[in-house]
Amino acid sequence: MTSDQAEPTLPSSSLPPIKRDGLLALFRQMLLIRRVEELAARAYTQRKILGFCHLYIGQESVAVGAAAACIPEDHWVTGYREHGQAMAKGVSARALMAELYGKATGASHGLGGSMHIFDASVNFMGGYGIVGAHVPLAAGVAWGLKQRKTGGVAVCFFGDGAAHQGAFFEALCLAQLYSLPVVFICENNYYAMGTSIDRQSYLTDMSLRGRGVGMVHEQFQAFDVEVVRDRVGAAVEWARSGKGPVILEAVTYRFRGHSMSDPAKYRKEGELEQKKLTDPLLITEHRLRDTFAVTDAELEALRAGVDAEAEDAVQFAEESPIPDPSRLYDYIYAPNGS
Amino acid sequence: MPLIQMREALRQAMSEEMRRDPNVFLMGEEVAYYDGAYKVSQGMLAEFGPDRVVDTPISENGFAGLGVGAAMAGMRPIIEFMTWNFSLVAYDQIINSAARIYQMSAGTYKMPMVFRGANGHAENLGSQHSTAVDSLYAHFPGLKVVSPSTPYDAKGLLKSAIRDDNPVIFLESELMYGFKGEVPEEEYLIPIGKADIKRDGTDLVIVCWGKHVHTCLRAAEELAKQGISALVLDLRTIRPLDHEALFAAVAKTHRVVVVQEGFPYAGVGAEIIARIQESCFDLLDGPIVRVTNRDVPQPYATNLEKLVIITAERVIDAALTVVGRK
Amino acid sequence: MPSFFLMPQATPTMTSGVLGRWVVAEGAAVSPQTVLAQVETDKATMDVEIFDKTVILKLLAKEGDEVPASFPIAIVGDAGEDISGLLADYAKMKAGADAGAAPSAAASPAAPVAAAPVPVAAAPVVVPPVAATPAVAPVVAGPAPAPSVPSAPAGEVAPVQWMGKKLDPSVMEIRGRYTVAGPRIVASPLAKAMATDQGVDLRKVKGSGPGGRIVAEDVEKVAKAPAAPSSSRPVDSSVRVTQMRKTIARRLTEVHQQVPVFYLTVSLDAAGLVALKDQAGARGSKISYNDLVLKAVARALRDVPECNAAWQGDSILRRATVDIGVAVALPEGLITPVVRDADRKGVAEIAAEVRALAAKAKEGKLLPEEYTGGSFTVSNLGMFGIESFTAILNPPEAGILAVGGVEQVPVVEAGKLTVGWRMKATMTCDHRVIDGALGARFLQAFRAYIESPALLVL
């Protein structure tokens, strides 16, 4: 493209408006992700979950809204704060919790841990711990999906902190050059570890990174799961139709520290309290009550079901066996022809 | 049997595998319209089209990572680095992604891909274009590292590498692309992980791979004139190591010289020696001697460059030392 | 059912935390992610959160207390529940902890609170009362309680075994010996060296190392074993040679085999030498016969410079200076430090220099330039009562003088038998450089200086 060409913009998605049951399901999914992570935090303080544990609490609307916009053939690649995306894409609470516990029944058999959840059965292609380095992988996944004519789109989640890495820029260049079916979703949660967005970048809208490579780009407020569904829906439709990649910035907020051992003292006074007013769970709960007349009793029952499912995941993880030491060398090299 | 150049053997391997499997594709800088910086992929664009012989921008980190993702999505990419020196900006993708995804996903995602290109010094290219990366990649479980020395081996090994379900680091040499050798017309494969005795001998074994197999064969020729019979063992694969062939050669000769391009410190040569002493301590008649590049970045000037690289004279000197003639 | 709320393990490395401030009061109803308190950990001040919906029934820890991780800090449950049982348990635990004598939780055989089985479906952070719970940890900083990692099935710590496994080319990590059949004696290099030193026949030693390798200890045992009763005769032993000894052996063999030599012996009147030494001694000057001999050799070489030379194959090297080597015996061999320009130095100066060089030689501190590059060597065994001997050349020098002792002997002087002082000296000559007549000329000059030592000081 040349500089005199107008930048294309992303139209509305063609997804039908969401109905009562649909929104209840999205609410339940967000609630389940939050409850599972609360129990993960509890287990972490008991030294049952070890190492790094980065929670997604506050950002659930992004993963759940994106999942609502995708089809099963779409493949997801994410960063290290990926418990939410994993569950939204279909990884069970049990498999996630067991992985955090380092158990043989975990999504990655205890070999991956919090940052490396994989599940091929739902096309969840992993969380990655080198910030920004997974973005080219998503371009490659899109290459494969395109060449093999699967109809699938690659969706890549990353944080605002990843949008400064060379790998990220190179991936944007390649994806646009080859017109790959990939949607890049920058979840701008305001902090790259402890560095706020305005201290790490002159531009604070990371979707503008797409402008330099001629990529369709859009920033949107992502606290409302319905908005996320619509904008990601528009993006995957664009990519699926063969028009090339899209970069979105989903403006969100991380309610907790970078990891379990970060008290997040670097926030401005009152910032967290202010942001909690736009908690995706609150917004959707209001919508359910106001638009769809969901009752307290219905919500209580839903919460009870979520609590039970989350506690069940903990119990499953507790009772699961640890990995068999004799299988330490099992997955270093794939046996050929398998 | 036709006598062909190394570059033609590599091209035959890629073309045959691309005809065989539509998921195989070649990607890299100047591989398509330019016909390859070293003309390895000459003519392939015409046969396979731009979706399968793909020019990239100068973006090694990006296209190496793209290859990893494509492999996860069912493709079998061949990622060409114009030279392995440039792979260092893609090191993270090869190590943290390609080598580890199969394990950290508990076998969920295999990584059937090849990274290939010219390795080590050529002539007067200076420090940044002369790196031998053997030891940098052989360090990591999850990678296979192959370094052929003849057109015959190159073709058979590259075909195996492309069919392998693991990431294979395939080390070629600018100095060898023009080497000629006999390559049969009928299809054949050479298994990864098997060494080859390039010259038999009884007094010592010279362990080597890649272009220095030829250096060592010249040295062995000279040693023969002095009545010393050297076995030249071409490892062909650096990882996984063919322990059986290596140890059998040690058991036969009891004296060992290891020739490794690149720097000595923490190199593959040191690793091979460590393994020999762990497993063959009682089969040795004396200390093992290493021949490597001198421990300095490659200088440009011809006279200095010649001091740094491995020569037949240095291999002969090492051989005389281990057989007690020095 | 009411239960304990424990000090959280807020960071991976914290062992205890100081309860800074309670944020909630007793009786407060709380929900997940409610902050209960602030705690100082090893890393920072952290919020202590609860992840369950419950009521704070009792705050146990006081602000300012240092509490080990996983020790109770509060009691939670439903409003109005009876907590007397838990309070009694807590009192016991606290008493035990304050006494400080409690074993660390990790070492305690009884189940410590932190590791107590936790019914998971209930609230895991909240531990139900354990009857007669033993005290587990001091309230002050102490050993970390055992991490409450879920119990492992048997065999958890079983190491991965590779010993003896077939080599798998797909796995890089290998252990174990590669063996081949054959008649080789399997012994470590150290054991082989020791066997040579101590005269042990390795064929008769049974190896105790891996794969039957003979190791140092095996050789030692054999060497120390009392000799068999049948053979009471002492056994020969081999002694390993030093590098110096090896060098001496090689060079002497070379010169002895390759250089054509002949010997010239003279008997010299040493009366003047004796008188001079006595006079010097009387004046407190310590000089030896050898110092005088050195000086005499040096002067004779100046007089007969053809002997101050070396064979070079196509040419003969004529030395410009007179540098005399002095053979010095050392425990492991001998060395010949060189006195430079000996012909131009006084006897006292030579004496001092020889003493300094000999001392350095015995300490092994001679520099290479101090023992190489001599032009002629003197070897003196007179002090050991040797009358005369022949010496082997010190290459590339063309001559060496072997000097015997100064002795009183019966002599015939002017036809009469009398007592005189005599000293014998034998010169070894490299015939390629020195012919018989030339050697004789040198010894004539030497004789003049020895028999009239006053010439030495002229």
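Residue-wise test of (1) without any contact (Cβ under 8 Å) to a residue 24 or more places away in the chain; (2) more than 14 Å from every other protein chain (Cβ to nearest Cβ); (3) over 17 Å from B:Thr83 (Cβ atoms); (4) touching a Lys or Arg at 6+ places or on another chain (Cβ under 8 Å).
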position	(1), (2), (3), (4)
B:Asp21	no, no, yes, yes
B:Tyr33	yes, yes, yes, no
B:Met44	no, yes, yes, yes
B:Val53	no, no, yes, no
B:Ile58	no, no, no, no
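Criterion applied to C:Ala74, C:Ala91 was being at pLDDT 90 or above, surrounded by fewer than 17 Cβ atoms within 10 Å (Cβ to Cβ) and among the small types (Gly, Ala, Ser), and the one residue passing it is C:Ala91. For the range B:175-189, a tally of residues being surrounded by 21 or more Cβ atoms within 10 Å (Cβ to Cβ) and either within 19 Å of B:Ala245 (Cα to Cα) or not hydroxyl-bearing (Ser, Thr, Tyr) (or both) returns 2.
One residue alone among A:Leu55, A:Leu26, A:Leu32 is away from every other protein chain (no Cβ under 11 Å), crowded, with 21+ Cβ neighbours inside 10 Å and in contact with an Asp or Glu (Cβ under 7 Å, 6 or more places away or on another chain), and that residue is A:Leu32. Looking for something in a helix (DSSP H, G or I) and within 30 Å of B:Gly74 (Cα to Cα) - is there at least one such residue anywhere in the range B:143-152? Yes: the range B:143-152 contains one or more residues that are in a helix (DSSP H, G or I) and within 30 Å of B:Gly74 (Cα to Cα).
A quick yes/no check of all residues on (1) within 14 Å of chain B (Cβ to nearest Cβ); (2) in a loop (DSSP other than H, G, I, E, B):
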residue: A:Ala250; (1), (2): no, no
residue: A:Ser261; (1), (2): no, yes
residue: A:Gln274; (1), (2): no, no
residue: A:Ile283; (1), (2): no, no
residue: A:Leu302; (1), (2): no, no
residue: A:Val306; (1), (2): no, no
residue: A:Asp312; (1), (2): no, no
residue: A:Tyr329; (1), (2): yes, yes
residue: A:Ala334; (1), (2): yes, yes
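Number of residues in the range C:397-438 that are in a loop (DSSP other than H, G, I, E, B) and free of Cβ contacts under 8 Å to residues at least 60 places away in the same chain equals 3.
Of A:Tyr191, A:Tyr178, A:Tyr202, which residue is of a type in the set (Ser, Thr, Tyr) and within 17 Å of B:Gly65 (Cβ to Cβ)?
Only one candidate qualifies: A:Tyr178.
The set of residues from the range B:270-307 being part of a helix (DSSP H, G or I), within 19 Å of B:Thr131 (Cα to Cα) and without any contact (Cβ under 8 Å) to a residue 40 or more places away in the chain comprises B:Ala270, B:Asn303, B:Leu304, B:Lys306, B:Leu307.
In this structure, does B:Leu223 turn out to be hydrophobic (A, V, I, L, M, F, W, C), modelled with pLDDT of 95 or more, surrounded by 21 or more Cβ atoms within 10 Å (Cβ to Cβ) and assigned by TED's automatic domain parsing to the domain that holds B:Val315? Here the answer is yes, as B:Leu223 does meet what is asked. Could you say whether any residue in the range C:363-376 is out of contact with any Phe, Trp or Tyr (no Cβ under 6 Å at 6 or more places or on another chain), in a strand (DSSP E or B) and surrounded by 13 or more Cβ atoms within 10 Å (Cβ to Cβ)? Within the range C:363-376, one or more residues are out of contact with any Phe, Trp or Tyr (no Cβ under 6 Å at 6 or more places or on another chain), in a strand (DSSP E or B) and surrounded by 13 or more Cβ atoms within 10 Å (Cβ to Cβ). Exactly one of these conditions fails for C:Ala37: (1) in a helix (DSSP H, G or I); (2) within 14 Å of A:Pro263 (Cα to Cα). Give me its number. Evaluating C:Ala37 over (1) in a helix (DSSP H, G or I); (2) within 14 Å of A:Pro263 (Cα to Cα) leaves (1) as the failure. Checking every residue in the range A:168-189 against the condition of being in a helix (DSSP H, G or I), aliphatic (A, V, I, L, M), within 16 Å of the chain's Cα centre (by Cα) and buried (at least 21 other Cβ atoms within 10 Å of the Cβ) gives zero matches. Checked against (1) part of a loop (DSSP other than H, G, I, E, B); (2) under 19 Å from B:Trp209 (Cβ atoms), B:Arg325 meets all criteria but (2).
Residues in the range C:1-44 that are acidic (Asp, Glu) and either within 20 Å of C:Ile83 (Cβ to Cβ) or surrounded by 19 or more Cβ atoms within 10 Å (Cβ to Cβ) (or both): C:Glu26 only.
Out of all the residues in the range C:293-311, which are crowded, with 24+ Cβ neighbours inside 10 Å and in a loop (DSSP other than H, G, I, E, B)? If the condition is that a residue be crowded, with 24+ Cβ neighbours inside 10 Å and in a loop (DSSP other than H, G, I, E, B), then C:Asn308 is the only one that fits.
On inspection, C:Asp314 qualifies as in a loop (DSSP other than H, G, I, E, B) and surrounded by fewer than 19 Cβ atoms within 10 Å (Cβ to Cβ).
From the list B:Lys110, B:Lys39, exactly one residue is among the basic types (Lys, Arg) and within 13 Å of another protein chain (Cβ to nearest Cβ). Which is it?
Among B:Lys110, B:Lys39, only B:Lys110 is among the basic types (Lys, Arg) and within 13 Å of another protein chain (Cβ to nearest Cβ).
Yes or no: B:Glu271 acidic (Asp, Glu) and at pLDDT 95 or above? In short, yes. At least 2 residues being not charged (D, E, K, R) is the threshold, and among the strands (runs of 3 or more DSSP E) wholly inside the range B:188-234 those reaching it are B:204-208, B:230-234.
The values are calculated or read from the model by the stated rules, or taken from the named source; none is laboratory data. None of the values given here were measured: they were computed from a predicted structure. Neighbour counts run over all protein chains shown; Cβ positions are idealised from the backbone, glycine included.
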